[in-house]
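Structure first, then comments.
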Amino acid sequence: MQNKIIAVICVLLLLVTLFAACGKKVIIEGKNGQEYIAVTDDEGNTVLNNAGDIIVYVTDENGKYVKDANGERQTNAVTFPDQVRGEHAIATPQYRLTMPDDWKMSNDGKFLRNNNENITFEIGGMVVLNETRTMSAYLQTQIDGMEYLKNNSEEFKNLTYEIKNAELTASQLPCTIIEMKNADDSGNLTMEQTLYYIQWGENMVQASYLCMDASSIGGFDSYTYLNENLEVKSLK
């Protein structure tokens with residue numbers, strides 16, 4: 001029940017993702033559904049060519065590496081897909097975000113902290129803003145959802161929220177932040193959620209940190225981590 005209500009709070013975005021731990025294969029799924037093995041550097045990061053495409057290994061019908069006359073593995077390149085997922089990181093053509101070791105990607109595209117499904121972090125794909133799809137409209141939808149919960153849900157009658165304007169200083173991108181907290185009738189916090197609306201010019205991406213584990217509330221500074229670890233790429 002609580003998970004369903006939280007889903008109402010969030011503006012759902014498709015997650016797009018990168019990378020695996022060193023020594024593990026990074027599997028890329030192309031737009032045609034075919035899987036490729038990405039070439040990675042010493043740190044486990046995928047390698048791109050000058051055009052921004054991902055370099056992948058050539059494999060045969062059995063999935064074995066194809067080698068050239070010198071015994072080196074042959075490579076090719078595939079267009080950077082909408083998403084590349086890894087154990088601790090997520091990347092799109094526009095950004096890359098690497099999470100701490102205690103955060104791991106789940107099958108549904110969310111990072112879980114210490115495998116706790118009540119502590120999640122997710123970041124979405126790029127949304128193009130225009131006259132009918134504005135930042136103000138996104139924020140108003142969020143506000144309307146929170147007010148609906150406060151007025152219609154006994155569980156969230158003590159929900160409070162604050163809206164702030166900030167900047168991710170490392171990337172120098174404007175960011176609107178909505179901080180939400182919910183408490184029981186005794187004033188004990190039961191939930192905290194922080195939404196980030198990050199702008200690239202006329203584009204926006206949303207990130208969300210959610211903690212529904214009362215014993216862990218206040219235990220992760222999502223703004224500082226997002227600020228220091230979101231690597232922005234140039235938009236094509």
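Annotations for the structure displayed:
- The strands (runs of 3 or more DSSP E) located wholly in segment 27-133 that include 2 or more residues which are closer than 30 Å to MET191 by Cα occupy 89-91, 95-98, 103-105, 111-113, 116-123.
- Whichever residue in segment 134-161 is in a helix (DSSP H, G or I) and aliphatic (A, V, I, L, M) and, among such residues, is farthest from ASN203 (Cα to Cα): LEU149
Residues checked against (1) farther than 27 Å from PRO93 by Cα; (2) touching a strand residue (DSSP E or B) at 6+ places or on another chain (Cβ under 9 Å):
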| position | (1), (2) |
| --- | --- |
| PHE156 | yes, yes |
| ALA166 | no, yes |
| LYS181 | yes, yes |
| ASP184 | yes, yes |
| VAL205 | no, yes |
| LEU210 | no, yes |
| SER215 | yes, no |
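- Filtered by the rule that a residue be in contact with a helix residue (DSSP H, G or I) (Cβ under 8 Å, 6 or more places away or on another chain), surrounded by fewer than 17 Cβ atoms within 10 Å (Cβ to Cβ) and farther than 14 Å from LEU210 by Cα, segment 99-126 gives a lone residue, PRO100.
- Residues of segment 88-107 satisfying the condition of being touching a residue at least 24 places away in the same chain (Cβ under 8 Å) and over 17 Å from SER171 (Cβ atoms): HIS88, PRO100, MET105
- Residues of segment 41-63 that are among the β-branched types (Val, Ile, Thr) and in contact (Cβ under 8 Å) with a residue 40 or more places away in the chain: THR46 alone.
- Neighbours by Cβ (under 6 Å, 6+ apart or cross-chain): first from segment 117-146, under 16 Å from ASN165 (Cα atoms) and among the polar types (S, T, N, Q); second modelled with pLDDT of 90 or more and not in a strand (DSSP E or B): none
- Residue match in segment 194-202 (condition: touching a Lys or Arg at 6+ places or on another chain (Cβ under 8 Å) and either in contact (Cβ under 8 Å) with a residue 40 or more places away in the chain or on the phi < 0 side of the Ramachandran plot (or both)): no
- Strands (runs of 3 or more DSSP E) wholly inside segment 162-236 containing at least 2 residues that are of a type in the set (A, V, I, L, M) and either within 14 Å of GLY124 (Cβ to Cβ) or touching a helix residue (DSSP H, G or I) at 6+ places or on another chain (Cβ under 6 Å) (or both): 189-200, 203-211
The values are calculated or read from the model by the stated rules, or taken from the named source; none is laboratory data. All of these numbers come straight from a predicted model, not from anything done at the bench. Cβ: placed from backbone, ideal geometry, glycine included. Neighbour counts: every protein chain shown.
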